[in-house]
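**Q** Before anything else, here's the structure in question.
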Amino acid sequence: MKRVFMLGLMLIPGCVGMPENVQPVRDFTVERYLGKWYEIARLDHSFERGLTNVTAEYSLLEGGGVQVINRGYSERQRKWKQARGKAYFVQGADRGFLKVSFFGPFYGSYVIFELDQEHYQYALVSGPDTSYLWILARSPDMDKDLLRTLIAKASQAGFDTSGLILVRHD
């Protein structure tokens, strides 16, 4: 039993890597990142499949972590879905690199690799590899030129942006 647990602990750090061409933003200020973000676009994954009106809300936890509440509407099931998680900094609080967990001791990467550092109004976020990508904004609508620019940056970083899903907010 102890051997299985130790093997599990060794595997967990592998989930908090990042894609080769992605670097977390520097001079990150978590207090400015807190609050509600709207998902503008994402690459498809089963845990968000079919959801519209997707938001993520961030708040501080006691002890230095960040609470994450993801919420989206399933039209097929005609109900809201919500997941609550916690995130912690991987390389220091001034870098946009966190590990996030929605399922007990299992963590995945949350890498902010593009950010409006002046106003904190948009962000490009990656997971541990290039199959995870989110474009987030503080409002449910994003300027089309800005969206094209962010998609181009993601493409240059190695993401297959042809598979991006534009998230409907209504």
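Just so you know, all these numbers are worked out from the coordinates, no wet-lab data involved. Quick caveat: nothing in here was measured; it's all calculated off a predicted structure. Cβ placement follows ideal geometry from the backbone for every residue including glycine, while neighbour counts extend to all protein chains displayed.
**Q** How large is ³J(HN,Hα) for each residue in region 51-62, as worked out from phi by the Karplus curve 6.51 cos²θ - 1.76 cosθ + 1.60 (θ = phi - 60°), to whole Hz, x for Gly and Pro?
**A** 7, 10, 6, 7, 10, 10, 10, 10, 8, 6, 9, 5
**Q** Calculate, in nm to one decimal, what residue 59 and residue 169 gain on full extension: separation in residues at 0.36 nm each, minus their alpha carbon distance.
**A** 37.4 nm
**Q** How big is the charge dipole of region 21-166 about its Cα centre, in debye rounded to the nearest 20, if each Lys and Arg gets +1 on its Cβ and each Asp and Glu gets -1 on its Cβ?
**A** 540
**Q** Can you list the HN-Hα couplings for region 132-138, worked out from phi with the Karplus curve (6.51, -1.76, 1.60; θ = phi - 60°), rounded to whole Hz and with x for Gly and Pro?
**A** Each residue's phi maps through the Karplus curve to give 10, 8, 9, 10, 10, 8, 7 Hz.
**Q** Put +1 on the Cβ of each Lys and Arg and -1 on the Cβ of each Asp and Glu in the chain; which of 149, 113, 85 then has its Cα farthest toward the positive end of the dipole?
**A** 85
**Q** What does the chain give for Rg and for Dmax, in Å, if only its C-alpha atoms count?
**A** Answer for the chain, Rg first and Dmax second: 15.9, 54 Å.
**Q** For residue 138 and residue 81 in the same chain, what is the full-extension length gain: residue separation times 0.36 nm, less their Cα-Cα distance, in nm?
**A** Stretched fully, the residue 138-residue 81 segment lengthens by 18.5 nm.
**Q** Straight-line reach from residue 79: which aspartates and glutamates have Cα under 14 Å away, leaving out those fewer than 8 places along the same chain?
**A** 48
**Q** If you don't mind, another one. Once every Cα of region 106-170 carries one equal point scatterer and solvent is ignored, give the base-10 log of I(q)/I(0) from the Debye formula at q = 0.29 Å⁻¹, two decimals.
**A** So the normalised log intensities work out to -1.47.
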